[in-house]
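To start, the structure itself, in structure tokens.
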Amino acid sequence: MGQPPDLAVEIAGIRLSNPVIAASGTFGYGEEFERFADLRRIGGIAVKGTSARPIDGNPPPRLHPTPSGMLNSIGLENVGVDAFIRDKMPFLRQAGSAVIVNVFGFTEDEYAEVVDKLNTCDGIAAYELNISCPNTRHGGMVFGQSPDSTLQLTKMLKARSRRPVIVKLSPNVTDIVDLARAAEAGGADALTVANTFLAMAIDTDTFKPRIYTITGGLSGPAIRPITLRMVYQCARAVKIPIIGLGGIVSAEDAVEYFLAGASAIQVGTANFYDPRAPLHVLEGLEKWLKKKGLSSIKDLVGQMKQ
């Protein structure tokens, strides 16, 4: 029968049993999915974005299905870092997956406060910085739309972090490669490419926007060809590992990202309709590798032929 393929990967110094990570904002705090899926089999769980204070999120409607995807404007709803450490981490510590805490803030000080508090908490593998937030102290410019802001924020947080720092890039920029290089220059250990695309939809019966905030983030298979291109561009521009994210619902989708240069992938929108989506992708990957006679995920990374 032969040996099963080696699915283990190393990202930013973290060894994962496999390259499939549940994406932030789509998998809650893991405990919501425990009755549907064996969490120990998932390589990692990126938890909901965590802020210095609790956030209630946006009023409804804040989700809307679109062709091959969905719009969301949840508004970064979360329990806040103190409640996260107290109420959520005890479960996550024993869940069996690497815990990646997504961190965000509206000022540099807020990011720093979250990281400082998380530094005292056991059981966390890495921080994933969501830099798609407006910097309220400097006129509302999104951190991740400016290479300078990206570099400075990453540098500041890397200096005070006790864990590897993964920077989650926004795709809503002129050239994502500039941001990837800035994050690398700031000391990022890895990149997640990419967050959701700014989009909107209108109800033609009521003439009203489909979601309360008018615009929201587009995700799902509709964006996969675009984020795949971004992963390819970033992988050629930086030396740090890349985690590919955007519309992955099957093993073949994941393989595309590996071939483009990603070392791991995240499954996001698929979790909303299939709570076992990460495991389905993982199981499909193992079968695909066996079929192709490949012994390791590493045999795929960056191997697109030209």
Tell me what the chain gives for mean residue ellipticity at 222 nm when only DSSP H runs of n ≥ 4 count, each as -39,500 (n - 2.57), the sum divided by the residue total, rounded to 500 deg cm²/dmol. -8000 deg cm²/dmol
Sort 195-208, 26-39, 243-256, 154-167 by the packing proxy (mean of other Cβ within 10 Å over each peptide's residues), most packed first. 243-256, 154-167, 26-39, 195-208
Given the C-alpha centroids of the stretch 24-70 and the stretch 266-292, what is the distance between them in whole angstrom? 17 Å
Considering amide H positions built from the backbone, and no H for Pro or chain starts, which residues 5 or more places from L198, or on another chain, come under 5 Å of its amide H? L218
For the stretch 197-281, what's the relative contact order in percent, using C-alpha pairs closer than 8 Å and at least 6 residues apart? 24 percent
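Within the stretch 178-271, report the trypsin sites (Lys or Arg not before Pro) that DSSP leaves as loop and that have at most 12 other Cβ atoms within 10 Å.
K239
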Rounded if a/c is under 1.5, else prolate if a/b is larger than b/c, else oblate: which is the stretch 157-306, with a ≥ b ≥ c the root eigenvalues of its Cα gyration tensor? oblate
Relative contact order for the stretch 6-125 using alpha-carbon pairs under 8 Å, separation at least 6, rounded to a whole percent? 26 percent
Summed side-chain charge close to Q94 - residues other than Q94 whose Cβ falls under 11 Å, Lys, Arg +1, Asp, Glu -1: 0
Rounded, prolate or oblate: which one fits the stretch 198-262, using the alpha carbon gyration tensor with axes a ≥ b ≥ c (rounded when a/c is under 1.5, else prolate when a/b beats b/c, else oblate)? prolate
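Could you work out the relative contact order of the chain? I mean the mean sequence separation of Cα pairs under 8 Å and 6+ apart, divided by the number of residues, in percent.
It rounds to 20 percent for the chain.
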I want the antiparallel fraction of DSSP beta bridges within the chain, as a percent rounded to 5. 40 percent
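We did not get these values from a lab; they are worked out from the coordinates using the rules stated. Since the structure is predicted, the reported quantities are computational estimates derived from the model, not experimental observations. In this analysis, Cβ positions are derived from the backbone assuming ideal geometry, glycine residues included, and neighbour counts consider all displayed protein chains.
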